[in-house]
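Heads up, the thing below is written out as structure tokens.
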There are 2 protein chains.
Amino acid sequence: MYRTHTCGELRLSNKDAQVTLAGWVQTVRKFGAITFIDMRDRYGITQLLFGEDLNAQLELNPLGREFVLQIKGKVSERSNKNKNLPTGDIEILVDEFKVLNKSAVPPFTITDETDGGDDLRMKYRYLDLRRNIIKKNLELRYAVNRSARNYLHENGFYDIETPFLIKSTPEGARDFVVPSRMNAGEFYALPQSPQTFKQLLMVSGYDRYYQIVKCFRDEDLRADRQPEFTQIDCEMAFVEQEDIINMFEGLAKRIFKDVKGIDYTDAIERMSWEDAMWNYGNDKPDIRFEMKIQNLKVQNENYFEALATTEFAVFKNAETVLAISIPNAAEYTRKQTDELTEWVKRPQIGMQGLAFVKVNADETYKSSFDKFFNEAQLKELASFCKAGKGDLILVLAGREERTRKAISELRLEMAKRFGLRKDNEFKLLWVLDFPLFEYDEEFNRWVARHHPFTSPKPGDIDAMINNNHAIEVAEKYLDHPYSKIKANAYDIVLNGNEIGGGSIRIYQRELQEKMFAALGMSKEEAQHKFGFLLGAFEYGAPPHGGIAFGFDRLCAILGGSESIRDFIAFPKNNSGRDVMLDAPSTIDDKQLEELSIKLKKV
Amino acid sequence: MYRTHTCGELRLSNKDAQVTLAGWVQTVRKFGAITFIDMRDRYGITQLLFGEDLNAQLELNPLGREFVLQIKGKVSERSNKNKNLPTGDIEILVDEFKVLNKSAVPPFTITDETDGGDDLRMKYRYLDLRRNIIKKNLELRYAVNRSARNYLHENGFYDIETPFLIKSTPEGARDFVVPSRMNAGEFYALPQSPQTFKQLLMVSGYDRYYQIVKCFRDEDLRADRQPEFTQIDCEMAFVEQEDIINMFEGLAKRIFKDVKGIDYTDAIERMSWEDAMWNYGNDKPDIRFEMKIQNLKVQNENYFEALATTEFAVFKNAETVLAISIPNAAEYTRKQTDELTEWVKRPQIGMQGLAFVKVNADETYKSSFDKFFNEAQLKELASFCKAGKGDLILVLAGREERTRKAISELRLEMAKRFGLRKDNEFKLLWVLDFPLFEYDEEFNRWVARHHPFTSPKPGDIDAMINNNHAIEVAEKYLDHPYSKIKANAYDIVLNGNEIGGGSIRIYQRELQEKMFAALGMSKEEAQHKFGFLLGAFEYGAPPHGGIAFGFDRLCAILGGSESIRDFIAFPKNNSGRDVMLDAPSTIDDKQLEELSIKLKKV
């Protein structure tokens, strides 16, 4: 051992002890003939005092930032105590020291507020990981890992490893594939999730399974997506939706307790997908604050009656008109509403403009469409929107899907501006009763909203079995019985982020075949891709269901961040590159040869 | 919930309770108008009694093996108790039942001694996994996983995930590679181990790291190798060999305690690589029994002096003559020694023949080379080999490497035949002081015995730095100083199997560059492949070292098996195929197109 203690360990009670420490030089401060050094390791920082007698040696071996040092010395009480450091009462009077390794000057400062940009930090990730702020993230990640494992263990779950070299069955996202050398012309795929394997484990009787496991999706990377990501993946047999909800509420609460010290004793709210879309404009609402959407006009049906007669073209011609009321925002200036208008016109939001109504303190009204709505109508509108004195109503109009998405973004933006999205406040929510299918206009067919293994609600199974999936008239797909079928699925949402989702699965061969057919898969294709699963359903498959948590995102949110990258030790950038390794990279011709593949000239 | 209790839970104390159970039909036994069913789940077996009143319903819904059943009924005391079952005191008087899912007749019996062959079992692995014997293996695997995590957690290790999509740097084994769609013509590799990442984590200051992690090697599969396998991967900073040995002896002992209930209190033996090769013929000796190898003649040097003058051509002309003495085996018949001779002549062993000396009970001697050795010489030989009355000495002669390997195999075979390799006896051993380099005749260059990141012993570093690696005269490679350098490496051996191995690493850029050069890597190649690591060593890399345990094999040995396959939920066969999934398989042209690769015509 290179040390008797760590740099975070020594206290006044260790006074006069002879110790050996090892760590990194954080700072060097010379005061005449003596030198103070802050030495750092994973556990903390300890102050070292090099007296006059070591001066000559220090001059021969000048110490710099990030040098690795080993020292022997005596613990001594500090005259000038540092209350901000757990070791701040003591310092080490150094007797001897040894430079274990030197360091070049780091390309950025190893501090919470570093001067390194993203690219530099990623290239030297091994230095970036030394920063306390990143270390805390990885510690939190491990704490969540540990907490989840303990809870699942106590509840009888087994960690069972599933394979990484599997079969390519692209549904939705693209697979990463791996050429097989021993089976020329054939490929493995990396799993997008262990979905079918955990279902097989249920068929095998392992009725509580979990894994904290890497998954892979070859998608075009959006800002905060990674090609490899981690799931807490769970499955249970002989359960219904309520059982899953209870078990995994327990998991979420346990993690809050273990990791954040929060007793989450409130009942976790539940909301139907319909209500989420209607009131919040998306399926993962942030319910830390109200600010519900008011549906003035949806698919040309007027919920706010005054819209039926308006001459205001923006409202009159719109498919959908939606509003939110921002408490105590009526003092927004013209400059501020103009800026908000620009905000909704950005391509990411994509609206044409923004209408507003201010409810002044004296109960007068000021709107951006005074020409068309008189005071009485504005009052009526405010009342419809549940806006009171001092509130600001923001109104968006346009095509339904875009407008809903836009108002949902605007709601979050306004909440952020008014400090309603607090990092240290946490609110969980279950979203239930999703549609089983979505309609794909391009191919005029159904696609699975969740995945092809999700069961319809028990009451909807007959509708699924007894109807042909074909959509006769594309525009009238909403009339097809499949459009009404609800999935036996559930998402768990934390502060406006989906942190997990799952479903009760299909476990009958006939229903699974019907599902594959509904998704446009021929019998042969279904057999080729999922024959093993259909086969397994013939030998006594039990009812089962499960859930998977997005581990990276869960950690990020618990850490008060919306970016997952700094909660992953070695992440990739938005082009899927590891800039530290410089991967991916070219490989040898010999490797290509052995794998029986060639590069296509580009 | 489909059940109030599991099938392993009910006892006499539950008498008269109304319960709901769910599980699989193990057996159906009709006795006139009543029917007994053994219902099985992961937790056990419970006997169900269907009375006369359910007869009609049973006839309408005949139950078969592996049907999934839900029943409601009352716990009742059995008249005919089964002492072999934890639930054997009770049975359930069934009031109502529901078939949750039917089952076709399984292709093999779901019993410990199944009638299913390997291929069938692998194709229907989801049924094979229902067998109690396999379930016990996976339970043991999870118990080892849990035990290791607890121990490492208590000792301050963090589980930190390292990436799976990395850079191809083939050293030794082949990489599996993954074509990158977003970076046409470039490839990721799957990690053969997280070696460089865990070293970077040490550079980053996370001084105790672990992971239970999948690794990948594209090797031609020998029996009992898998292309994907699991390691318990660990690394520590500021440590020397002794620290690693202490920490991971603790881990091994903890696993014995938690998983097998064994207090492994004995000190764990240590042996140098030299001694292992000299006394046991291999570097992972099974020391549950003695039966050491006697080196009669090695590289034409006679250790047993009588060999200097023998006219027996087999001994006279051999490079090496080795013997083992088998206690109490002198009664081996001619037929048995003939059979043993055939055994050593099999291609897997590859010897020309076998010589033997029987030490009879009356201290007379009978050998297969009586013509050349008189009684006195045989006595001398027996004494040299420490053979006593009733023992059988087996002698092999030939080229050194082959003969050593053969006698080592023969030793294990004889131990097996005499019941000395007991499944429930466990003996750990550290093997130390490996050579750092091996010599590759084909390319006349050095190869790393462990891997290129292993440090020489501290005393050998100068020999490494101060000598050029070039081998002037190929045949005299043993004269090169590099052949004498010992590695700062250690293997941990259990019952003749290497279950783990590791080393103290190089942490200085200069020494690492010297190592890459010694292995024949140009400066450019070293920079291209491992530039990130060489870079990291410039910014304050601490001394560090680690170990990795082969998790699959460790579990197999603890489970009393030498085959890892039945300790892996979904293994691959010897051609690297998953016969259940039928993977690998061909992929769509569209997938190839997107990845910018083509198949080579074969």
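Structure notes:
- Helix A:375-384 axis, angle to chain A major axis (alpha carbon atoms, nearest 10°): 70
- Projection of the Cα convex hull of the stretch A:98-152, averaged over all directions and equal to a quarter of that hull's surface, yields 5.7 nm².
- Sorted ascending by nearby beta carbons within 10 Å, beginning with the fewest, B:F418, A:F315, A:F567 become B:F418, A:F315, A:F567.
- For the stretch A:12-101: lysine pairs under 22 Å (alpha-carbon distance), excluding those fewer than 8 apart on one chain: 13
- Under 13 Å, Cβ to Cβ, from B:I504 - net charge with Lys/Arg +1 and Asp/Glu -1: -3
- Evaluating 6.51 cos²θ - 1.76 cosθ + 1.60 at θ = phi - 60° for every residue in the stretch B:443-455, the Karplus couplings come out as 9, 6, 8, 7, 10, 6, 5, 9, 7, x, 9, 6, 7 Hz, glycine and proline recorded as x.
- Partner shielding of B:131-140 amounts to 2, given as the average count of beta-carbon atoms from other chains within 10 Å of each residue beta-carbon.
- Label-point separation in nm, B:T111 to B:I268, each point 7 Å along Cα→Cβ: 4.1
- Partner shielding of A:122-129 amounts to 5, given as the average count of beta-carbon atoms from other chains within 10 Å of each residue beta-carbon.
- Charging the Cβ of each Asp and Glu at -1 and of each Lys and Arg at +1, and nothing else, the dipole of the stretch B:51-149 about its Cα centre rounds to 700 debye.
- Set of lysines near A:K484 by C-alpha distance (under 19 Å), chain-local residues within fewer than 8 positions excluded: A:K457, A:K476, A:K514
- With θ taken as phi - 60° and the Karplus curve 6.51 cos²θ - 1.76 cosθ + 1.60 applied, the whole-hertz 3J(HN,Hα) list for the stretch A:539-551 is 10, x, 7, x, x, 7, x, x, 7, 9, 9, x, 5 Hz, x standing for glycine and proline.
- Local net charge near A:R181, Cβ-Cβ under 15 Å (Lys/Arg +1, Asp/Glu -1): -2
- Amide hydrogen neighbours beyond the local backbone of A:R174, cut-off 5 Å, H modeled: A:D218
- Simple spin-label estimate for B:L221 and B:N497 in nanometres, 7 Å along Cα-Cβ: 1.7
- The mean number of partner chain beta-carbon atoms within 10 angstrom of a residue's beta-carbon across peptide A:570-577 is 4.
- Label point of A:T109 (7 Å along Cα→beta-carbon): distances to the other copies' equivalent points are 7.6 nm, sorted ascending.
- Summarising the overall dimensions of the protein assembly as shown from its C-alpha atoms, the Rg and Dmax are 35.6, 128 angstrom.
- What you get for chain B, charging only the Cβ of Lys and Arg (+1) and of Asp and Glu (-1), is a dipole of about 1500 debye around the Cα centre.
- Value of Rg/Rh across the stretch B:508-601 [Cα atoms, Kirkwood radius]: 1.16
- Note on A:T35, A:T586: ascending count of other Cβ atoms within 10 Å places them as A:T586, A:T35, the fewest first.
- Overall form of the stretch A:197-274 per C-alpha gyration tensor (a/c, 1.5; a/b vs b/c): oblate
- Under a 5 Å amide H cut-off, with hydrogens placed 1.01 Å from N, B:H451 pairs with nothing among residues at least 5 apart or on other chains.
- Proximal lysines relative to A:K335, as straight alpha-carbon distance under 16 Å, when same-chain residues fewer than 8 apart are discounted: A:K345, A:K358, A:K366
- Pairs from the table (A:K572/A:K598; A:K600/B:K590; A:K257/A:K416; B:K292/B:K389; B:K136/B:K257) lying more than 19 angstrom apart at Cα are A:K572/A:K598; A:K257/A:K416.
- Under a model in which nothing but the beta-carbon of Lys, Arg (+1) and Asp, Glu (-1) is charged, the protein assembly as shown shows a dipole of about 640 debye around its Cα centre.
- For B:N466, the point set 7 Å out from Cα toward Cβ sits 9.2 nm from its twins in the other copies, listed from shortest up.
- Applying 1/(1 + (r/R0)^6) with R0 = 25 Å to the Cβ-Cβ distance of B:K81 and B:K136 gives a FRET efficiency near 0.55.
- Once divided by 2.2 N^0.38 Å, the Cα radius of gyration of chain A becomes 1.20.
- Cα-based shape type of the stretch A:515-555, given that a ≥ b ≥ c are square roots of the gyration tensor eigenvalues and the cut on a/c is 1.5: oblate
- With respect to chain A, whose longest principal axis is taken over its alpha-carbon atoms, helix A:523-536 is tilted by about 60°.
- Furthest towards positive pole of dipole, B:T341, B:G419, B:Q352, structure part the stretch B:289-421, Cβ charges: B:G419
- Only helices enter this figure: runs of n ≥ 4 DSSP H residues, each worth -39500 (n - 2.57), summed and divided by the residues of the protein assembly as shown, yield -7500 deg cm²/dmol at 222 nm to the nearest 500.
- The phi-based Karplus calculation (6.51 cos²θ - 1.76 cosθ + 1.60; θ = phi - 60°) puts the 3J(HN,Hα) values of the stretch B:55-68 at 3, 4, 5, 5, 6, 6, 10, x, 9, x, 3, 6, 4, 9 Hz, whole numbers, x for Gly and Pro.
- Relative contact order %, chain A, counting alpha carbon pairs below 8 Å whose residues are six or more apart: 13
- Cα centroid of the stretch B:269-296 to Cα centroid of the stretch B:456-523, whole Å: 23
- Across the stretch B:339-438, the relative contact order, built from alpha-carbon pairs under 8 Å that are at least six residues apart, equals 25 percent.
- Net charge, B:M1 excluded, C-beta distance under 10 Å - Lys, Arg +1, Asp, Glu -1: -2
- Nonlocal amide H pairs with A:L429, under 5 Å, H built at 1.01 Å: A:V493
- Sequence-separation-based contact order of the stretch B:196-304, relative, with Cα cut under 8 Å and 6+ spacing, percent: 15
Any read-out appearing in this document is the output of simple, stated calculations on the displayed coordinates, not a laboratory observation. Bear in mind that the values here come from a model prediction, so they are computed numbers and not experimental data. Positions of Cβ are generated from backbone atoms using ideal geometry, with glycine treated the same way; all protein chains shown enter the neighbour counts.
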